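Here the structure is laid out as structure tokens; the discussion comes afterwards.
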Amino acid sequence: MANIEIAAVSKSFLDPRRGADLLTLDRIDLMVEDNDFLCLLGPSGCGKSTLLNMVAGFEQPSQGSVRVGGEPVTAPGADRGMVFQQPTLMPWLTVWQNVAFHLRLKRVGRRERRATAQHFVDLVGLTGFENHYPAQLSGGMSQRVGIARALLMNPRVILMDEPFGALDEQTKMEMHGELIRIWERSRGTILFVTHGIDEALTLGTHVAVMSARPGRIREVIPVDLPRPRDITSPRFNDYKRHILSLLRPDEVSVR
Amino acid sequence: MRHYLRRFPVPLGLLAVWEAISRSGLLPAALLPAPSTVLASWADWIFATDGSSQTYSGHWLTDAMASLWRVLAGYALASLCGIAIGVGIGWSRIIETLAEPTLQMLRPIPPVSWIPLAIIWFGIADRPAIFLVFLGAFFPILMNAIHGVKICDRNLVRAGAMMGASQSQLLRHIVFPAALPSIFAGLRIGIGSAWMLTVTAEMVAVKSGLGYVLWDSYYFIRYDLVMAAMASIGLLGYLSDIGLKMLMRVVLRWQVATTVQGRTA
């Protein structure tokens, strides 16, 4: 059974200037199986974040349905762990308290919270920073906290909205390695939004390529490359060339 | 120069200039008493040293406590109501529509203009003063609480919802802590108004406290005692602000580590 089922989803927003509906997403069908790492790739404005927000439950589709684990999505919930574009940590909580926030909401006792948090703090490589406040962390470290926070909930799926977009190239590569290591260990399902072709091909078991205005899925490409992936290998470039041709169809047809 | 020593030159210099002017005889000594005279009267008011403050000799603690009690009672009430209603208005559209127009209409009315009604309603005692203190402190606390909730980052609320928070948990665990810096700003403005209004009330509607001594001494042309009362009010106001700042440093310690404030702490 598919973990995430997006069926015939359309989304339109009211454009206040023109007083008309603006179609952002046009009849999207997408399946994400258990243990898949699906990268949703597209130019900015193609509605990929909107699609992710609908899976998270922050937004509702105008038409169609979104199901996670067979259940229709109606509101945000702890079965879908989200890692945001900005880390969005609670600035008044320390690292471990941020990681264990979900348990606090469930009224779990402090000692158990602390112990569980430690496991996930260690998992994302932040051992020794448990008692730091978010403002004392670098961008990469903050995102690690965000990832640990989502993992701790043991969600059905993890949703990631360009989580490494604000990081420098080197930190980003390091985070990619870590994320793959964590994903391989926890065997979770990840839906990852990005506009980086290299990032999508480095991470995903599948890459769903989207076109803009209105957003449509052009193709879902299974990525059959050995890990760790070598972004300079010929096969990697074959995939990349194919994706580029999907993203720039006009230019290719002119040639 | 050591850091804490820098606090002294400015006030000490001002006192010296003042003392010199008083002693020069430029003005009659009764109209501009020298700091030394004020200090002597103040000392008698507090410790009953030489009887120079006459009926008030040794009575300071009682007067100060009377004022302090009114401030604390009115201020505590204002904090409780201001924070609760402010968070409510900031969080809920319904509460906002119901309560805000009325409150915003009451807000521009100066608290002192309530004095006649306060006396009619509560008589001449603690209660009109507490009522005025409440009015003075309530609105700054309210406004800042509303503001603090409204500027709470929507993404933090989203993150909370994602982790399974109910509406009341969002309010308690995210919106309220996020609003705390702003709430404290309101509390600090409020404590200033609280002292102002206690003294005003004591001049008109109460027969005890520092403000009463101040006004009474004015009738008896004891400007040294007027000044001693002013200094007492200043001192107590300053101390209550320090207390608030200390509380803030504990509650908002996550800010101290990362802001300009932390650099000077």
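For segment A:237-243, take each phi angle, set θ = phi - 60°, evaluate the Karplus expression 6.51 cos²θ - 1.76 cosθ + 1.60, and give the result in whole Hz per residue in order, putting x for glycine and proline.
Karplus values, whole Hz, x for Gly and Pro: 5, 4, 4, 4, 4, 4, 5.
Got a sec to turn the phi values of segment A:137-153 into Karplus ³J(HN,Hα) couplings, 6.51 cos²θ - 1.76 cosθ + 1.60 with θ = phi - 60°, whole Hz, x for Gly and Pro?
Running phi through 6.51 cos²θ - 1.76 cosθ + 1.60 with θ = phi - 60° gives 9, 7, x, x, 5, 4, 5, 4, 4, x, 5, 4, 4, 6, 5, 4, 6 Hz.
Give the whole-number value, in cubic angstrom per residue, of the convex hull volume spanned by the C-alpha atoms of segment B:127-265.
Dividing the Cα hull volume of segment B:127-265 by its residue count gives 121 Å³.
About the Cα centre of chain B, what is the dipole size in debye to 20, counting +1 per Lys and Arg Cβ and -1 per Asp and Glu Cβ, all else neutral?
Roughly 1100 debye, rounded to the nearest 20.
Can you give the convex hull volume per residue for the Cα atoms of segment B:1-125, as a whole number of Å³?
With only Cα atoms used, segment B:1-125 gives 230 Å³ per residue.
If r is the Cβ-Cβ distance from A:Thr171 to A:Asn237 and R0 is 25 Å, what FRET efficiency results, to the nearest 0.05?
With a Förster radius of 25 Å, E is 0.55.
log₁₀ I(q)/I(0) of chain A at q = 0.11, 0.12 Å⁻¹, via Debye over equal Cα point scatterers, no solvent, to two decimals?
-0.62, -0.73
Using 5 Å bins from zero, what percent of all Cα-Cα pairs in segment A:197-241 falls into each bin?
Using 5 Å bins, I get a P(r) of 5, 21, 32, 20, 12, 7, 3 for segment A:197-241.
If the only charges are +1 at each Lys and Arg Cβ and -1 at each Asp and Glu Cβ, what is the size of the charge dipole of segment A:4-95 around the Cα centre, to the nearest 20 debye?
420
Measure off 7 Å from each Cα along the Cα-to-Cβ vector at A:Arg227 and B:Leu61, then give the distance between these two points in nanometres to one decimal.
7.4
Take peptide A:86-92, look around each residue's Cβ out to 10 angstrom, count Cβ atoms belonging to other protein chains, and average those counts.
Partner-chain Cβ atoms within 10 Å, mean over residues of A:86-92: 6.
Can you give the alpha-carbon Rg of the protein assembly as shown over 2.2 N^0.38 Å, where N counts its residues?
My calculation over the Cα atoms of the protein assembly as shown gives 1.37.
Work out the count of Lys pairs in chain A where the Cα-Cα distance is under 22 Å, with the pair 8 or more places apart or on different chains.
Total qualifying Lys-Lys pairs in chain A comes to 4.
Quick note: the coordinates plus some simple rules give every number you see, no bench work behind them. Keep in mind the model is a prediction, meaning the values are calculated, not measured. Backbone-built Cβ (ideal geometry, glycine too); neighbour counts: all protein chains shown.
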